[in-house]
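> The structure that follows is given in the form of structure tokens.
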Amino acid sequence: MSTPLSFVGTAPHSPWATYLSQVDRVVPYIGHLAKWVETLKRPKRALIVDVPIEMDDGSVRHFEGYRVQHNLSRGPGKGGIRFHPDVTLEEVMALSAWMTVKTAAVGLPFGGAKGGIRVDPSQLSIKELERMTRRYTSEIGLIIGPQRDIPAPDVNTNAQVMAWMMDTYSMNIGSTATGVVTGKPIHLGGSLGRVKATGRGVFVTGREAARRIGLSLQGARVAVQGLGNVGSTAAELFVAAGCKVVAMQDHTGTRVNPKGFDLDKLRAVQSAGGGVAAHPDGEAVDAESFWDVDCDILIPAALEGQIDAARANRIQARMVLEGANGPTLPEGDDVLRERGVLVVPDVICNAGGVTVSYFEWVQDFSSFFWTEDEINARLDKIMIDALAQIWNTADRHQITLRTATFAVACERILMSRQERGLYP
Ligand SMILES: NC(=O)C1=CN([C@@H]2O[C@H](COP(=O)(O)OP(=O)(O)OC[C@H]3O[C@@H](n4cnc5c(N)ncnc54)[C@H](O)[C@@H]3O)[C@@H](O)[C@H]2O)C=CC1
Ligand SMILES: O=C(O)CCC(=O)C(=O)O
């Protein structure tokens, strides 16, 4: 065992502390590979960059950006870029580590990486956002590239941000490199199906898990936290399968409606710049009441650290589908397990996005593009097969799906580490 990292404090509820605890729990299930586990407890490479930009009023502001490559044993780094005022190096480390586990869990030939800028993008004009994205891309250009590390969208980033990143990287190297990012607009080498892929993966794993625990989707009540890219797609697919969304929460507010929300109305208020608070139906409640809602399926699809032990004790659902990364703290996991609430963990549940990102990367290299039906069929198969293997592992060892996903993934990562050896 080596010394702990000096540059990061591990407060008990921080995302990095959560990740470390999840790694500790897998050690008894990975046999002789446990001797390599220390490699998972530190990022391979972490870059902090200064991002100075000229604001529209002529002043200059500096933002702090990060790109962390947690582990590259199985291939180039892969993972999204987050623009959020609470982004920290430590959070990005945890997000990059979950990418390492996630890509291995679904068998993609990638390592784990993540990036972010500590900024509230809603306070920037579109031109300021573009300048910031381009300067950040040039700064992390030292370590990204189609064969090295491939960013993608995450919270508050989208296809337009990816287009600016692709263009900036391409200008800097002197030729178009579509494969440097995924989640791009379709006519710039993006893939059909990528926008909805993460939510689709949440739905497919949720549907499989429901079938396995005998929960019928017909009339099942769903509560969703975070109605962005991931949460809104998952909600739509569950409604299409016969469920009703009885509670919704986003950064604007929380509403409940036992009759089920009309998601078309949500889309309309979102298009007008509003959120859940502006939905015309149901009843507005305080944010904390979200965790008491009577429901069958709970989908946290916003940020980390949402389900602590106290909230886990109040959750009424039979199943929690982690659309977000890191929404459940280890003590929340323990309570949910004791109470018999099934948790389908982030590292498999939300892996649909990176899976279609992989398809996008492959399509960019071959310059041959697939139909949306082909993409969805391949995505569904990968998710269903991966969940089946994880479920079997959980049954065999009598462990949670989270520890089982870590066991399947860590075996692949650490076997690669062992086979590659330590010395260049
Ligand atoms: N976009 C993707 O392909 C993937 C995203 N994820 C994860 O899913 C989660 C959501 O990501 P996206 O949907 O892409 O982001 P997004 O930016 O599209 O949406 C985020 C949603 O979270 C809500 N939110 C923010 N702060 C909140 C708070 N304090 N309380 C309640 N709601 C809050 C926002 O209002 C918004 O509805 C994140 O944890 C992300 O890392 C995971 C895999 C892939
Ligand atoms: O699509 C990707 O490459 C990464 C998506 C992501 O950031 C995630 O799965 O958390």
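> Have a look at Leu227, Leu237, Gln306 and report the one farthest towards the positive end of the charge dipole of region 198-349, computed about the Cα centre with Cβ charges (Lys/Arg +1, Asp/Glu -1).
Working it through, the farthest residue towards the positive pole turns out to be Leu237.
> Restricting things to alpha carbons, tell me how big the chain is in terms of Rg and Dmax, in Å.
20.6, 62
> Can you give me the long-range amide H partners of Thr254? Hydrogens built in the peptide plane at 1.01 Å from N, cutoff under 5 Å, separation of 5 or more residues or another chain.
The answer is Val285.
> Using the heavy atoms of the protein chains and a 1.4 angstrom probe, tell me the accessible area per residue for the chain in square angstrom.
Value returned for the chain: 40 Å² of accessible area per residue.
> Another question about this same structure. Report the gain in length on full extension from Asn172 to Ile48: 0.36 nm times residue separation, minus Cα-Cα distance, nm rounded to one decimal.
Extending this stretch completely gives an extra 42.7 nm.
> Amide H to amide H under 5 Å from Gly326: which residues, 5+ apart in sequence or cross-chain, H placed 1.01 Å off N in plane?
When sequence neighbours closer than 5 places are left aside, the close amide H contacts are Asp346.
> Shifting gears a bit: Out of the total accessible area of the chain (probe 1.4 Å, heavy atoms of protein only), what percent is carbon and sulfur?
52 percent
> Here's a follow-up. Grab the beta carbon distance between Val362 and Ala310, set R0 = 60 Å, and tell me the FRET efficiency rounded to 0.05.
0.85
> Could I ask something else about it? How big, on average over all directions, is the shadow cast by the Cα convex hull of region 108-212, in nm²?
So the Cα hull casts an average projection of 8.2 nm².
> Tally Lys and Arg at +1 and Asp and Glu at -1 over the other residues with C-beta under 12 Å from the C-beta of Val37: what net charge comes out?
Once all neighbours under 12 Å are counted, the net charge is +2.
> For the residue pair Ala277 and Arg211, what label-to-label distance in nm results when each label sits 7 Å from Cα along the Cα-to-beta-carbon direction?
4.1 nm
> Let me ask something else. Across 5 Å bins from the origin, how do the percents of Cα pairs in region 198-349 run, short distances first?
Pair shares across the bins are 2, 11, 22, 25, 21, 13, 5, 1, 0.
> Additional query: Summing Lys, Arg as +1 and Asp, Glu as -1, what charge do residues with Cβ under 12 Å from the Cβ of Ala386 carry, Ala386 excluded?
For residues surrounding Ala386, the net value is 0.
> Sticking with the crude label model, points 7 Å out along Cα→Cβ, report the distance from Met415 to Gln398 in nm, one decimal please.
A separation of 2.6 nm, rounded to one decimal place.
> Shifting gears a bit: Quickly estimate the mean residue ellipticity at 222 nm for the chain, helices only: each DSSP H run with n ≥ 4 gives -39500 (n - 2.57), and the total goes over all residues, rounded to 500.
-13500 deg cm²/dmol
> Percent relative contact order of the chain, based on C-alpha pairs within less than 8 angstrom and at least six residues apart?
16 percent
> Find the lysine pairs in region 13-174 meeting two conditions, Cα atoms under 28 Å apart and a separation of 8 or more places or different chains, and report how many there are.
Number of lysine pairs found: 15.
The values are calculated or read from the model by the stated rules, or taken from the named source; none is laboratory data. Everything quoted here is computed from the prediction, not taken from an experiment. In this analysis, Cβ positions are derived from the backbone assuming ideal geometry, glycine residues included, and neighbour counts consider all displayed protein chains. Surface areas here come from the heavy atoms of the whole protein model, side chains and all, with no ligands, DNA or RNA. Shrake-Rupley method; radii C 1.70, N 1.55, O 1.52, S 1.80 Å.
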